[in-house]
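Since the structure comes first, as structure tokens, the remarks are kept for the end.
The values are calculated or read from the model by the stated rules, or taken from the named source; none is laboratory data. Because the structure is predicted, anything quoted here is derived from the model rather than measured. Cβ sites come from the backbone with ideal geometry, for glycine too, and all protein chains shown count toward neighbours. To get the accessible areas, we keep the full protein, side chains included, count just its heavy atoms, and leave off ligands, DNA and RNA. Shrake-Rupley method; radii C 1.70, N 1.55, O 1.52, S 1.80 Å.
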Number of protein chains: 2
Amino acid sequence: MTASTTKSGDHQPKERLLDAAEELFAAKGFTEVSVRELAAAADVNVAAVNYHFQGKENLFHEVITRRFCIQRDRTLDGLQALLDQTEGKPQVDQIIRVLVGEYLDGALSNSFLTMITREMHSGKGGTHVQFFKQMVAPTFAAISRALTAARPSLTPDDLSWIIASIIAQIHHFILRRIKCESCEDVPEAREIMLKAFPALALDQDEYVRLTTDHITRFSTAAIDGLYPEEN
Amino acid sequence: MTASTTKSGDHQPKERLLDAAEELFAAKGFTEVSVRELAAAADVNVAAVNYHFQGKENLFHEVITRRFCIQRDRTLDGLQALLDQTEGKPQVDQIIRVLVGEYLDGALSNSFLTMITREMHSGKGGTHVQFFKQMVAPTFAAISRALTAARPSLTPDDLSWIIASIIAQIHHFILRRIKCESCEDVPEAREIMLKAFPALALDQDEYVRLTTDHITRFSTAAIDGLYPEEN
DNA sequence: ACTAATATTAAACAAGTGTTTGAATTGTGT
DNA sequence: ACACAATTCAAACACTTGTTTAATATTAGT
């Protein structure tokens, strides 16, 4: 979506604002970022925010929507690719691995999950609806389809609980990582975190690898234990 | 008139402020609540916040610390009671059940978890350190001890991953519930949530019961599958 | 009952907020 | 070259923020 009217290597003010906004909103949250701060980071005038977008709120809205779609497509594409490779008969652990891998990697590179979780618990309902319609609904449906293909005996109710537990872990391990990074300059807190969870000391690639392995093995074992294969 | 100057039965201004602050901070977050709003809710003068506490920040600090300790003690006491009942040999599923039950019930009654997760991802490091020292460290140690008593073969590394997955689910199912409640007036979003997770339609007691059951069975099955008992 | 410490109040403070304005600048089509 | 629209800009706007002030009211000690 960035190729509308770009002419040279550098971005135009509108896109510079979008990029700066994404970074700042993710780092500090909506209310903690002032319009003047945004303008300074993007090297534009304060009035640019209200000229190109129609207010701070709308800018945030566009930022978050953009990330929503990118992340959703990663997950959907990954699941579709798995279904193609396995000719419609994927294994449970393969599904979970795709899910966890795509999400972990995408969410840790740009900290959009921080933005979502933060803004999720703030009064506005407008963002909620869009988030659920564009993100939750299609992703949940795709995961359900894939898991049903792997374990036809799973009821819709079973699926809702299983998927919730998997998503829970993905989110938690992402937020742990981000939290730990934000505590780099608070050694006292960081020390306690590392003691309770040593994997946080690893670099990001290694962390993604180990975490993907763990969630996959943990969740697959749970599903195998609770809903054993029938053959 | 009658309730404004009562000192015996009703609370004094300082405590009224603490109570109002806890509710408002949990509902809207630190920056979203103004000092005037706090004062109005507690029916005191604006200056009371700076007189009794030394600024808005300190008030928040006292509010959050109070809840931290209450919740931590619930978990520690519950685990200790289980160890006493089982003469130091608890079952894995018993441990998880205590953990999940105490946390779910406590966190859903007063939405302190919303407060924590929200403020966790905001710049300040001061709250972090206290949170980790008073909450994370002792709770993690207690869970580790209990699980080690149940499965002596678990390594510290195993424990860190297992506990993380359990805590992840607890937090997630709490936040789902709170998120859903906050969407009561946005039927479009609520409908999608219920479709992906029908249990959210239940009343709180039932939700706590079913969720406790699920997390316990899911996690116990995972542990049994990954780290089978040796006897 | 008088005093001194404590508590509460309305009003003002300085600083920051998002947004708007109207002039100046740039770009574009003819 | 000119004209016309789109964009950028410094300045100001109206408003809210957390905090402080100085005066008033309340309480407790002797």
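Along Cα→Cβ, 7 Å out, is where each label goes; now give me the distance between the ones at B:E62 and A:R209 in nm to one decimal.
The modelled label-to-label distance comes out at 5.1 nm.
Connecting C-alpha atoms closer than 10 Å in a GNM of chain B, tell me which of B:F132, B:F60, B:F173 has the biggest fluctuation.
B:F132
Give the relative contact order (percent, whole number) for the range A:107-231; include only Cα pairs under 8 Å separated by 6+ residues.
Values: 40 pairs, mean separation 33.3, N = 125.
Computed value for the range A:107-231: 27 percent relative contact order.
Just list whichever of A:K28/A:K195; A:K28/A:K179; A:K28/B:K28; A:K195/B:K179; A:K179/B:K133; A:K133/B:K179 have alpha carbons separated by over 20 Å in the model shown.
A:K28/A:K195; A:K195/B:K179
Please turn the phi angles of the range A:18-28 into ³J(HN,Hα) values with the Karplus equation 6.51 cos²θ - 1.76 cosθ + 1.60 (θ = phi - 60°), one per residue in order, whole Hz, x for glycine and proline.
Taking θ as phi minus 60°, the curve returns 4, 5, 4, 5, 4, 5, 5, 4, 5, 7, 10 Hz for the range A:18-28.
Let me cross-check B:Y227: its accessible surface, 1.4 Å probe, with only protein heavy atoms counted, in Å² to the nearest 10?
40 Å²
Report the residue, chosen from B:E188, B:E102, B:E22, that carries the largest GNM mean-square fluctuation when chain B is represented by alpha-carbon nodes joined by springs under 10 Å.
Most flexible of the set in this elastic network: B:E188.
Probe radius 1.4 Å, ligands and nucleic acids ignored: give me the carbon and sulfur share of the accessible area of the protein assembly as shown as a rounded percent.
Details: 10870 of 21140 Å².
After summing per-atom areas, the C and S share lands at 51 percent.
Please give the helix B:137-150 orientation as an angle from the longest Cα principal axis of chain B, in degrees from 0 to 90, rounded to the nearest 10.
So the helix axis and the longest Cα principal axis differ by about 20 degrees.
How shielded is B:134-143 by partner chains, expressed as the average number of their Cβ atoms within 10 Å of its Cβ atoms?
Values: counts 0, 1, 6, 5, 0, 1, 5, 2, 0, 1.
The per-residue average across the peptide is 2.
In degrees, nearest 10, range 0 to 90: what is the angle between the Cα axis of helix A:92-109 and the longest Cα principal axis of chain A?
20 degrees
Which one, B:F30, B:F140, B:F197, has the greatest fluctuation when you compute a Gaussian network model over chain B with C-alpha springs under 10 angstrom?
Between B:F30, B:F140, B:F197, it is B:F197 that shows the largest mean-square fluctuation.
Can you check what the net charge comes to around A:D73, using other residues whose Cβ is under 14 Å from the Cβ of A:D73 (Lys, Arg +1; Asp, Glu -1)? Please report the intermediate quantities before stating the final value.
Details: positive: A:R66, A:R67, A:R72, A:R74; negative: A:D77, A:E102, A:D105.
So the environment of A:D73 carries a net charge of +1.
To the nearest whole number, what is the average tally of beta carbon atoms from other chains within 10 Å of the beta carbons of peptide B:148-157?
Values: counts 0, 0, 0, 0, 0, 0, 0, 0, 3, 3.
Rounded to a whole number, the mean comes out at 1.
Under a cut-off of 13 Å between alpha-carbon atoms, report the aspartates and glutamates in cross-link reach of A:K14, not counting same-chain residues fewer than 8 places apart.
List returned: A:E22, A:D43, A:E62.
For A:V186, A:V46, what's the largest-to-smallest order of accessible area, 1.4 Å probe?
Values: A:V186 30, A:V46 60 Å².
Result of the area sort, largest leading: A:V46, A:V186.
Given a 1.4 Å probe, how much area per residue of the protein assembly as shown is accessible, in Å²? Show your work: numbers first, answer last.
Values: 21140 Å² over 462 residues.
Result: 46 Å² of accessible area for each residue.
Which value at 222 nm does chain B reach when only helices count, each DSSP H run of 4 or more adding -39,500 (n - 2.57), with the total divided by all residues and rounded to the nearest 500 deg cm²/dmol? Present the calculation step by step, with values, prior to reporting the outcome.
Values: 11 runs with 167 residues, N = 231.
Rounded to the nearest 500, it is -23500 deg cm²/dmol.
Using a probe radius of 1.4 Å on protein heavy atoms only, what is the accessible area buried between chains A and B, both sides summed, to the nearest 100 Å²? Could you put the intermediate results ahead of the total?
Details: alone 12850 and 12930 Å², together 21140 Å².
Adding both sides of the contact gives about 4600 Å².
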